[in-house]
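K.L.:
Here it is: the structure, laid out below.
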């Protein structure tokens, strides 16, 4: 059974990852970066997510990768 402190820590990690993803999505959409830099940023966010949540790489691919792909495709007009 999880303790109250463990639940609070898990919630803190979730909030941090959500902030990191949202900030990165906005940065990609609004800044003057190249597609390569955008793809690199996605990989850095993924690495951070895997540090926060070891063994959850597939979860990142299912939940966050499509959001990043959508923003990158819109920003750089990929088809």
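Every number in this text was worked out from the coordinates using simple rules, so none of it is lab data. All of these numbers come straight from a predicted model, not from anything done at the bench. FYI the Cβ positions are ideal-geometry reconstructions off the backbone, even for glycines, and counts take in every protein chain you see.
K.L.:
Between helix 4-30 and the chain, what is the angle of the helix's C-alpha long axis to the longest principal axis, kept within 0 to 90° and rounded to the nearest 10?
P.N.:
10
K.L.:
At R0 = 30 Å, how high is the FRET efficiency between residue 73 and residue 48 if r is their beta carbon distance? Nearest 0.05 is fine.
P.N.:
Details: r = 23 Å, r/R0 = 0.75.
According to the calculation, E is roughly 0.85.
K.L.:
Semi-axes, largest first, in whole Å: what does sqrt of 5 times each Cα gyration tensor eigenvalue give for segment 4-76? Display every interim value, and only then the final one.
P.N.:
Numbers: eigenvalues 122, 30, 18 Å².
Ellipsoid semi-axes (Å, largest first): 25, 12, 10.
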